[in-house]
Amino acid sequence: MPDLQKILQRNLSGASRIALVAVGSDLRSDDAAGLEVAARLQELQKKRARTPRLRIFIGGTAPENQSGAIRKFGPSHMVVIDSADAGKPAGTVFAIDPEEVGGISFSTHQLPLRLMIEYLRETITCSVAIIGIQPKSLAFGGPISREVDRAVDRIVADLDAVLKSLLRAKGPAPQARRAHSAKRRLRFRTK
């Protein structure tokens, strides 16, 4: 599998507005990985000039509750980050094709992640990338494992590098896209 930075660069190419959606439960050990990525990225963003081209949404265990805010933001691209059991070694970071989300276990969500992604792709016609982090433990009340914590660090570093290069574009931020704009479907490329 190509490294995460290359995958993100390829899938976020041409992005005018990026929504980063963090999913998971901070009550269930490694399931908090997506939330931790968002928290660390928010800390990095506080140190920089705010950009209207990036917004971080904390979806928690019910990311569908953020769908209205995401639609209002009108991203051209969306990155979903979540702990996902794909039977890989703990801490493995992998891209998930949005078309194949049903084959991966996202056990703590109130609504299947696939339904939320399909709804957002149809209503705002954005490109979607999903980054999964293989959990070691989903025990209630436990801390994030060392393996997953290291994976979170790698994701934050890669996302930060890619976002900095993409969001450096000069000029005013593009206007939010309307929900009924011309539909386009972009498949998530992993090669």
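The values are calculated or read from the model by the stated rules, or taken from the named source; none is laboratory data. Keep in mind that this is a model prediction, so the values were computed, not measured. Every residue, glycine as well, gets a Cβ built from its backbone with ideal geometry; the counts of neighbours run over all protein chains shown. For the accessible areas, the whole protein counts, side chains as well, though only heavy atoms, and no ligand, DNA or RNA atoms are used. Shrake-Rupley method; radii C 1.70, N 1.55, O 1.52, S 1.80 Å.
Work out, step by step, the length gained on full extension between residue 90 and residue 10: first 0.36 nm times the residue separation, then minus their alpha carbon distance; give nm to one decimal. Mind showing how you got there, number by number?
Values: separation 80, 0.36 × 80 = 28.80 nm, distance 2.55 nm.
Contour length minus the Cα-Cα distance gives 26.2 nm.
Any idea how far apart residue 62 and residue 97 come out in nm if each label point goes 7 Å out from Cα toward Cβ?
In this crude label model, residue 62 to residue 97 measures out at 3.3 nm.
Averaged per residue, what accessible surface does the range 1-155 expose to a 1.4 Å probe, in Å²? Working shown, then result.
Details: 6590 Å² over 155 residues.
Per residue, the range 1-155 has 43 Å² of solvent-accessible surface.
Points 7 angstrom from Cα along the Cβ direction at residue 153 and residue 26: gap in nanometres?
Those two pseudo-labels are separated by 2.1 nm.
Which peptide among 134-144, 25-35 comes first, and what is the full order, when sorted by highest mean count of other Cβ atoms within 10 Å?
Numbers: 134-144: 17.0, 25-35: 23.4.
The packing order, highest mean first, is 25-35, 134-144.
Provide the descending list of Cα extents for the range 6-101 along its principal axes, expressed in whole angstroms.
On the principal axes, the range 6-101 reaches 36, 28, 27 Å in Cα extent.
Taking the Cβ-Cβ separation of residue 48 and residue 146 as r and a Förster radius of 30 Å, what is the calculated FRET efficiency to the nearest 0.05?
0.55
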